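Inspection log for the structure reproduced underneath, given as structure tokens.
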Amino acid sequence: MNHFRTLQPSQLNRAEFVAALGDIYEHSPWVAEQAFERLSPQQRDDIEAVHACMSQVVADADRTTLLALINAHPDLAGKAAVQGELTAASTQEQAGAGISQCTPDEFQRFTRLNDAYRARFGFPFIMAVKGSDRRQILAAFETRIDHSPEDEFACALREIDKIALFRLQAL
């Protein structure tokens, strides 16, 4: 059992739980709301149990809701990053991968790939960037842009689940 370092979710009421974990899935507090209802108080203190439950909440959602979840994520090195409009977690994740230190050429490449990816799939490129650098991210971008729309939709959801786990482990 892996416990949270900075909070004890079993001691939180529903509103406090959602306030603390509502952005684990980017701008999607509905995931935390449903997880609170599904988890027993003792399960709420176990990172893996919370992650498994939240992942299941997402897996149980309909396609329209899932597309909204995917679209809640910012483009990597996109306008929101440049304008300082990312969530604190997204800012840290992108900075940790060195995206904030892109050269002008790399930034143009990110912009071109973001635009092409969004035009092809109708949602942003999602990647759990922790442990990756900007060159690895660009390489993944170029590989994944050739995926089928269904494969990439599923891949985006897997990456979102990875991001959620990293965010939970940071608490």
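The values are calculated or read from the model by the stated rules, or taken from the named source; none is laboratory data. The shown structure was predicted, so the numbers you read here are calculated from the model rather than taken from an experiment. All Cβ positions, glycine included, derive from the backbone under ideal geometry; neighbour counts span all protein chains shown.
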Among helices (runs of 4 or more DSSP H) entirely inside segment 1-60, those with 2 or more residues being touching a Gly at 6+ places or on another chain (Cβ under 7 Å) are 29-38
Note on segment 118-141: residues exposed (fewer than 13 other Cβ atoms within 10 Å of the Cβ) and assigned to a helix (DSSP H, G or I) are Ala119, Arg135, Ala139
Scanning segment 39-64 residue by residue, the ones that are surrounded by fewer than 17 Cβ atoms within 10 Å (Cβ to Cβ) and more than 14 Å from Phe166 (Cα to Cα) total 9
- Message: Take Glu16 and tell me if it is charged (D, E, K, R), outside the structural domain of Phe123 (by TED's automatic domain parsing) and modelled with pLDDT under 95.
- Response: no
- Query: Does Ala128 fit the bill of being under 25 Å from Arg167 (Cβ atoms) and touching a Lys or Arg at 6+ places or on another chain (Cβ under 6 Å)?
  - Reply: yes
Scanning segment 90-107 for residues that are of a type in the set (A, V, I, L, M, F, W, C), modelled with pLDDT of 65 or more and in a helix (DSSP H, G or I) gives Ile99, Phe107
Of the conditions (1) more than 30 Å from Asn114 (Cβ to Cβ); (2) touching an Asp or Glu at 6+ places or on another chain (Cβ under 8 Å); (3) of a type outside the set (Phe, Trp, Tyr); (4) in contact (Cβ under 8 Å) with a residue 40 or more places away in the chain, the single one that Val58 does not satisfy is (1)
Quick check: anything in segment 159-168 buried (at least 17 other Cβ atoms within 10 Å of the Cβ), over 16 Å from Leu66 (Cβ atoms) and either of a type in the set (A, V, I, L, M) or without any contact (Cβ under 8 Å) to a residue 60 or more places away in the chain (or both)? yes
Expected single match for touching a Cys at 6+ places or on another chain (Cβ under 8 Å) and within 26 Å of Phe166 (Cα to Cα) among Phe110, Phe141 is Phe110
Of those in segment 142-158 that are in a loop (DSSP other than H, G, I, E, B) and without any contact (Cβ under 8 Å) to a residue 12 or more places away in the chain, the residue farthest from Thr65 (Cα to Cα) is Asp146
If we keep only residues of segment 108-138 that are small (Gly, Ala, Ser) and modelled with pLDDT of 95 or more, then the residue nearest to the chain's Cα centre (by Cα) is Gly122
In segment 70-87, is there at least one residue being part of a helix (DSSP H, G or I) and modelled with pLDDT of 90 or more? yes
Just one listed residue, out of Ile70, Ile47, is closer than 19 Å to Glu159 by Cβ and under 14 Å from the mean Cα position of the chain (by Cα), and it is Ile70
